[in-house]
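Trainee: First the structure, which I've put down as C-alpha cells, then a few questions once you've had a look.
The values are calculated or read from the model by the stated rules, or taken from the named source; none is laboratory data. Bear in mind that the values here come from a model prediction, so they are computed numbers and not experimental data. Cβ coordinates were reconstructed from backbone atoms using ideal geometry, including for glycine residues, and neighbour counts include every protein chain displayed.
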2 protein chains.
Amino acid sequence: MRLYHFSHAASILGWDRNTMMPAKGNEARAAAEAELQALMHRVRTDPQLAEGLRRAESESLSDTERANLREMRRDWRDANALPESLVQAKSLAGAKCEHAWRSQRAANDWRGFLENFREVVRLSREEAKLLADDSGLSRYDALMDRYEPGVRAADIDRIFGDVKQWLPQLITRVQAKQRDEPLIAPVGPFPVVKQRAMNLAVMKRLGFDFDAGRLDESAHPFSGGVPEDVRLTTRYREDDFVQSLMGTIHETGHARFEQNLPREWLGQPVGHARSYGIHESQSLSFEMQLARSREFTGLLAPMLNEHFGSQPAFDADNLHRLLTRVKRGFIRVNADEVTYPAHIILRYEIERALIEGEIEPDDIPALWDEKMKTLLGLDTRGNYKDGCLQDVHWSDGSFGYFPSYTLGAMYAAQWFAAMRSTSPDLDARIAAGDFTPAFQWLKANVWSQASRWDTPELVCRASGEALNPAHFRAHLETRYL
Amino acid sequence: MRLYHFSHAASILGWDRNTMMPAKGNEARAAAEAELQALMHRVRTDPQLAEGLRRAESESLSDTERANLREMRRDWRDANALPESLVQAKSLAGAKCEHAWRSQRAANDWRGFLENFREVVRLSREEAKLLADDSGLSRYDALMDRYEPGVRAADIDRIFGDVKQWLPQLITRVQAKQRDEPLIAPVGPFPVVKQRAMNLAVMKRLGFDFDAGRLDESAHPFSGGVPEDVRLTTRYREDDFVQSLMGTIHETGHARFEQNLPREWLGQPVGHARSYGIHESQSLSFEMQLARSREFTGLLAPMLNEHFGSQPAFDADNLHRLLTRVKRGFIRVNADEVTYPAHIILRYEIERALIEGEIEPDDIPALWDEKMKTLLGLDTRGNYKDGCLQDVHWSDGSFGYFPSYTLGAMYAAQWFAAMRSTSPDLDARIAAGDFTPAFQWLKANVWSQASRWDTPELVCRASGEALNPAHFRAHLETRYL
C-alpha cells in the first residue's frame with residue numbers, strides 16, 4: 001500500500017507538471033519527483049521484500065493471492081534484476097539522447113543523433129542481456145515482457161507475418177475505392193471553449209465519471225492521475241476539431257478502464273490495469289471500433305451541429321468518410337487505422353534485430369527506407385526527420401514498446417467480434433445511442449479483470465481464443481472495402 | 001533536502017485537493033497525503049538526526065550554518081518533544097471536534113461542541129506542558145513559539161495592553177466621522193471572468209511572477225504551492241468584486257515573500273519564510289498598507305472602469321471610503337483593520353487563560369460576551385455561532401496562533417513607517433504607480449532574510465526598533481481620523 005500511495009503522489013505531480021505548473025517550477029519539481037522515485041525504488045528493493053516473497057511462494061494461496069504474488073514477483077524482478085549503476089547510466093544516456101533529439105529531429109541530423117544513440121543501444125542491449133539471463137527469455141522478449149507480460153516475439157512474428165501478407169494490397173484497394181468519394185472539409189474556426197464543451201458532452205455520453213476525473217489541456221495529450229481520479233488531457237487547434245475530439249475519445253477509453261478497475265483490489269498489484277496493449281485496446285475500442293463507426297458518426301453529427309452550428313461537412317455520411325480516410329504518410333502518430341500497422345511492423349522488425357545484435361544503429365536508415373517502400377510504397381531516403389528520427393521511443397531506450405500499439409488495435413477488433421457474437425444487435429444499438437452491450441462486455445471481460453491474468457490468458461478468457469489477426473483484418477475489410 | 005522535496009509533493013497534493021480534485025478522489029488522496037506525512041515524520045524523528053545535531057552544535061559554524069542549525073533544532077524539538085501517542089490522540093480529538101463543529105456552529109450548539117472540545121483542551125494543555133518542560137518556556141509561550149519564534153506572552157500583554165487603552169475610543173471616533181460621509185455602493189453583477197481578469201491585472205502590477213505561480217479558485221482562499229511555484233486561490237461572488245480583489249491582493253503579498261526568498265537557501269531550513277506573523281505582515285503590507293490607501297485607490301479606479309465598465313461607485317474617493325469603512329461586527333474574518341485587533345485581543349486573552357489552566361472551557365461564553373461588550377460594545381449572549389463558535393482554530397487545538405494576525409498588522413505598519421523615514425516620497429510614488437521603494441525595502445529587509453533571525457531580531461534589524469504599537473496606532477489615526 002505504501003507504494004500505491006507514493007505512486008498516487010508521483011502521478012498527480014506529473015499531471016500537474018504537464019497541465020498546471022509554470023515554467024520556473026520545473027527544477028524544484030524535477031527534484032521532488034526524483035526524490036519520490038528514489039524512495040519508491042528503495043521500497044521495491046527492500047531485502048525484506050525478497051524474503052517475504054520467497055516465504056509467500058511456498059504457502060497455499062487463493063487465486064487472487066497467487067495473482068498478487070505473481071505481479072509482486074514481476075515487479076520485484078523489474079526493480080532488482082539490474083544493477084543500480086546500469087539503471088543510472090541508461091537513464092542518463094537516454095535523457096541526454098532524448099534532449100538532443102528534440103533539436104536534431106528538426107535539423108534532420110541523423111549523424112548527430114547516432115553519437116548519443118549508440119550508447120543508448122549499448123546499454124539497452126546490456127539491460128536486455130541481464131533481464132534475459134534472469135528470466136530465461138530471449139533478449140528482446142525480456143524487454144517486451146515489461147509492456148506485454150507473456151507475449152513473445154515468436155507470437156508477434158506469426159501475427160505481423162500474417163498482416164504483412166495482406167496489408168499492402170488492402171491499402172491499395174481502399175485508396176482506389178476512396179479516390180472518387182466526395183469529401184467536404186469542415187470549415188473553422190472552432191473556438192476552444194466550444195471544442196471543450198463538445199468534448200465534455202461526448203465524454204459524458206461515453207460514461208466518463210466526472211466525480212472521479214477531469215479533462216484539461218497539455219502540450220502532449222495523456223491519461224494520468226489515479227484510478228480514483230483520472231486526469232485526461234487534450235490539446236486544441238482552432239482550425240481543426242477532429243484531432244482533439246478523437247484524442248479525447250481515445251483517452252476516455254483509457255479512463256473508463258481505470259475508473260472501472262475493481263475497487264476492492266485497488267492498492268494491490270492485482271488491481272492494476274493489465275498491460276500497455278490491453279490498455280490501448282480500450283482506447284482503440286473507444287476511438288476506432290466505436291467512434292469511427294458509421295453508427296457512432298450518426299450520433300456525432302447532431303452534436304457537432306449543436307456545438308459549432310451546422311455546416312455541410314457535418315452530414316453523417318460525409319463525417320464518416322472524413323473519419324475513415326486512408327492516406328499513406330510518413331508519420332506514425334498521424335496515421336489512420338489501416339496504415340498504422342505498417343508503421344509498427346517496420347519499427348518492430350528493426351528494434352528486435354537491433355536488440356538481438358543482428359544489426360547496428362548505423363544500419364537503421366537503409367532498413368527504414370527499404371521497409372517503407374515495401375509496406376507503404378514511400379521513399380524516405382535522406383529524410384530522417386520524417387523517418388527514423390520521428391519517434392521519441394528509441395531516443396531514451398524504450399525498446400519493446402512499439403508492438404503494444406498494434407496489439408491493442410487487434411485486441412479491440414477481437415473484443416468487438418466477440419461482442420457481436422453474443423449481441424447480434426450490437427451495431428443497431430450503438431446507432432440508437434445505446435452502448436450498454438459494449439460497455440457491459442468490456443467491464444465483465446477486461447475492466448473487472450485488472451491484472452488477474454497475464455495478457456495471453458486474459459485474451460483467451462475474454463474472447464474464447466488466442467489473439468487472432470483475422471478479426472482485425474475482417475474489421476478493416478468490412479469498414480473500408 | 002529530502003524533507004524539502006517531500007514537502008513540495010505534499011504542498012502540491014494539498015493544492016490540487018482544494019482546487020482540482022473531483023469528489024471521488026478524496027479517500028485515495030487522504031491516504032496518499034497521510035502516507036507522505038508519516039514518511040516526513042519518520043525523517044524528522046530519525047535518531048541519527050539527533051546525533052548529527054549534537055555534533056554540529058559543538059562545531060564552529062558560519063552565521064548561516066548557525067541559523068540553519070537553530071532552525072533544525074527547533075524543527076527537531078517540534079517533531080520529537082511529544083510522544084507519538086499524544087500527537088495521535090490530539091489529532092484524532094481535533095479532527096472529531098472540528099468535523100462536528102461544522103454543523104454545530106450552524107446549529108448554535110455550544111453544549112454539543114463542549115463535549116468534544118473539553119478533550120481537545122485537555123490534550124492541548126498536556127501538549128503545552130510537555131513543550132514547556134522541554135523548552136523552559138511557559139505553557140502558552142511554548143505553543144505560541146511554533147508560530148512566532150521568540151515572541152512571548154509578556155510581549156503580547158504589553159502590546160495588546162497598549163492597544164486596549166486607545167482602540168475602543170478610536171473606533172467610536174472613526175464611526176462618528178464616517179457616519180455622514182456619502183457612500184455609493186457598486187452595482188453588480190460582476191462576472192467571474194471579468195473579476196479574474198481584473199485580479200490578474202492587479203497581481204501583475206504588484207509584481208507577482210506568473211512564471212513562478214498561478215491564481216485559481218477554491219472554497220477557502222489560501223496561498224499554497226512552493227517558493228518556486230506559488231499557488232494562490234480566491235473565490236468569486238458575482239454580486240461583489242471587493243472580496244475577491246482584496247483577497248487576491250492579500251495572497252499576492254504572501255506570494256511575493258515566497259517568490260523572493262533567497263534562491264541559494266531554498267531547501268535549507270534558513271531558507272523558509274519566517275513566522276506566521278511575519279508572513280501576515282507581507283499580506284497586510286499589500287492589502288492594508290498599500291491597496292486600501294487613498295494613493296492606491298486612485299490606481300484601482302481606472303482599472304475597475306476598464307474591466308467592469310464605469311459607474312459612479314468607481315470614483316476614487318468613493319472607492320476609498322468603501323475600502324476603509326469601519327463597522328462593529330461579530331465576525332472576525334469580516335472585520336476591517338480598525339476593529340480587527342479587538343477580535344484578536346479577546347481571543348488571545350481567553351486562549352491564554354485556557355491553556356494556563358486559569359479558566360475552563362465552560363467559562364468561555366461569559367468571557368466572550370464580557371470582552372465583546374468592553375471592546376466593541378456588542379451583545380453576544382446566546383449567540384454562539386457568531387461568537388465563540390465562529391472560528392475553526394480552537395476546534396482542532398491550534399492555540400497560540402491568533403496573535404499572529406494582529407502582530408502581522410503591526411509589523412506591516414512598522415515597515416511602512418520605516419520606509420517613509422528613508423523614502424519621504426513613498427506615498428507620492430505609490431500614487432504615481434511606482435511601488436519600487438516599497439518593494440525594494442521589503443525585499444532587502446524581509447524577503448531576503450527568510451529565517452535568518454528569530455522574529456524579534458528580524459523586526460529590530462528591519463525597522464531599527466522592537467515591535468512598537470505606536471506605528472500601528474499612527475497608521476490608523478492618519479488614515480481614519
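Trainee: Scan the stretch A:195-221 residue by residue and report those that are more than 14 Å from chain B (Cβ to nearest Cβ), farther than 25 Å from residue A:436 by Cβ and buried (at least 17 other Cβ atoms within 10 Å of the Cβ).
Mentor: A:195, A:196, A:221
Trainee: Looking at B:425, B:396, which is the one that is of a type in the set (Asp, Glu) and at pLDDT below 95?
Mentor: From the options B:425, B:396, the qualifying one is B:396.
Trainee: While we're here: Taking only pairs six or more apart or across chains, which ones have beta-carbon atoms under 7 Å, a first residue in the stretch B:305-330 that is part of a helix (DSSP H, G or I), and a second residue that is polar (S, T, N, Q) and surrounded by fewer than 17 Cβ atoms within 10 Å (Cβ to Cβ)?
Mentor: B:314/B:305
Trainee: Another question, then. State whether one or more residues within the stretch B:165-177 are closer than 27 Å to residue B:336 by Cβ, under 22 Å from the mean Cα position of the chain (by Cα) and assigned by TED's automatic domain parsing to the domain that holds residue B:473.
Mentor: The answer is yes, given that some residue of the stretch B:165-177 is closer than 27 Å to residue B:336 by Cβ, under 22 Å from the mean Cα position of the chain (by Cα) and assigned by TED's automatic domain parsing to the domain that holds residue B:473.
Trainee: Follow-up question, since we're still on this one. If residue B:77 meets every condition in (1) more than 25 Å from the chain's Cα centre (by Cα); (2) closer than 15 Å to residue B:41 by Cβ apart from one, which number is that one?
Mentor: Going through the list (1) more than 25 Å from the chain's Cα centre (by Cα); (2) closer than 15 Å to residue B:41 by Cβ, residue B:77 breaks only (1).
Trainee: Applying the selection to the stretch A:374-404, what residues are surrounded by fewer than 20 Cβ atoms within 10 Å (Cβ to Cβ), outside any loop (DSSP other than H, G, I, E, B) and of a type in the set (Ser, Thr, Tyr)?
Mentor: Scanning the stretch A:374-404 gives a single hit, A:374.
Trainee: Next question, about the same structure. Within the stretch B:1-32, work out how many residues are within 8 Å of chain A (Cβ to nearest Cβ) and under 18 Å from residue A:224 (Cβ atoms).
Mentor: 12
Trainee: With the condition kept exactly as written, say whether any residue in the stretch A:209-217 is within 30 Å of residue B:29 (Cβ to Cβ), of a type in the set (A, V, I, L, M, F, W, C) and in contact with a His (Cβ under 7 Å, 6 or more places away or on another chain).
Mentor: Within the stretch A:209-217 (the criterion being within 30 Å of residue B:29 (Cβ to Cβ), of a type in the set (A, V, I, L, M, F, W, C) and in contact with a His (Cβ under 7 Å, 6 or more places away or on another chain)), the answer is no, since none of the residues qualifies.
Trainee: What single numbered condition from (1) among the basic types (Lys, Arg); (2) crowded, with 19+ Cβ neighbours inside 10 Å; (3) under 24 Å from residue B:68 (Cβ atoms) fails to hold for residue B:263?
Mentor: Answer for residue B:263: the failing condition is (2).
Trainee: Another question, if that's okay. Determine whether the stretch B:50-65 contains at least one residue that is among the charged types (D, E, K, R), away from chain A (no Cβ under 14 Å) and surrounded by 14 or more Cβ atoms within 10 Å (Cβ to Cβ).
Mentor: yes
Trainee: Kindly establish whether residue B:367 is hydrophobic (A, V, I, L, M, F, W, C), part of a helix (DSSP H, G or I), touching a Pro at 6+ places or on another chain (Cβ under 7 Å) and surrounded by fewer than 23 Cβ atoms within 10 Å (Cβ to Cβ).
Mentor: No: the conditions fail for residue B:367.
Trainee: Is it true that residue A:298 is at positive phi and in the same structural domain as residue A:180 (by TED's automatic domain parsing)?
Mentor: no
Trainee: Now for a separate question. Tell me, please, whether a residue that is among the small types (Gly, Ala, Ser), under 23 Å from residue B:248 (Cα atoms) and out of contact with any helix residue (DSSP H, G or I) (no Cβ under 8 Å at 6 or more places or on another chain) can be found in the stretch B:187-209.
Mentor: yes
Trainee: Still on this model: Quick check, is residue B:282 touching a residue at least 12 places away in the same chain (Cβ under 8 Å), more than 17 Å from residue B:247 (Cβ to Cβ) and out of contact with any strand residue (DSSP E or B) (no Cβ under 7 Å at 6 or more places or on another chain)?
Mentor: no
Trainee: Can you find a residue that is touching a residue at least 60 places away in the same chain (Cβ under 8 Å), crowded, with 20+ Cβ neighbours inside 10 Å and in a loop (DSSP other than H, G, I, E, B) anywhere in the stretch A:244-259?
Mentor: Taking every residue of the stretch A:244-259 in turn, none turns out to be touching a residue at least 60 places away in the same chain (Cβ under 8 Å), crowded, with 20+ Cβ neighbours inside 10 Å and in a loop (DSSP other than H, G, I, E, B).
Trainee: Further question: So, residue A:427, is that one part of a loop (DSSP other than H, G, I, E, B), farther than 30 Å from residue A:142 by Cα and either in contact (Cβ under 8 Å) with a residue 40 or more places away in the chain or not basic (Lys, Arg) (or both) or not?
Mentor: Spelling it out, it is not the case that residue A:427 is part of a loop (DSSP other than H, G, I, E, B), farther than 30 Å from residue A:142 by Cα and either in contact (Cβ under 8 Å) with a residue 40 or more places away in the chain or not basic (Lys, Arg) (or both).
Trainee: If the requirement is being crowded, with 22+ Cβ neighbours inside 10 Å, within 30 Å of residue B:343 (Cα to Cα) and not basic (Lys, Arg), which of these qualifies: B:225, B:161?
Mentor: Answer to the check: B:225.
Trainee: Being at pLDDT below 90 and out of contact with any Lys or Arg (no Cβ under 9 Å at 6 or more places or on another chain) is the filter here; which residues of the stretch B:75-88 pass it?
Mentor: Of everything in the stretch B:75-88, those that are at pLDDT below 90 and out of contact with any Lys or Arg (no Cβ under 9 Å at 6 or more places or on another chain) turn out to be B:77, B:81, B:83, B:84, B:85, B:87, B:88.
Trainee: If you scan the stretch A:123-145, which residues turn out to be closer than 18 Å to residue A:84 by Cβ and either surrounded by fewer than 22 Cβ atoms within 10 Å (Cβ to Cβ) or in contact with a Pro (Cβ under 8 Å, 6 or more places away or on another chain) (or both)?
Mentor: Listed by number, the residues that qualify are A:123, A:126, A:129, A:130, A:131, A:133, A:134.
Trainee: Now a separate question. Going by the structure shown, is residue B:1 at pLDDT below 90, under 26 Å from residue B:264 (Cβ atoms), among the aliphatic types (A, V, I, L, M) and under 27 Å from the mean Cα position of the chain (by Cα)?
Mentor: Criteria met by residue B:1.
Trainee: Looking only at the stretch A:400-410, decide whether some residue is of a type outside the set (Asp, Glu), at pLDDT below 95 and closer than 15 Å to residue A:342 by Cα.
Mentor: no
Trainee: Continuing with the same structure: Just to be sure before I move on: is residue B:38 among the hydrophobic types (A, V, I, L, M, F, W, C), loosely packed, with under 13 Cβ neighbours inside 10 Å and within 14 Å of another protein chain (Cβ to nearest Cβ) in the structure I sent?
Mentor: Taking the combined requirement at face value, the residue satisfies it.
Trainee: Checking the conditions here, which among B:428, B:444 is more than 30 Å from residue B:268 (Cβ to Cβ), aliphatic (A, V, I, L, M) and assigned by TED's automatic domain parsing to the domain that holds residue B:250?
Mentor: After applying the criteria, what remains is B:428.
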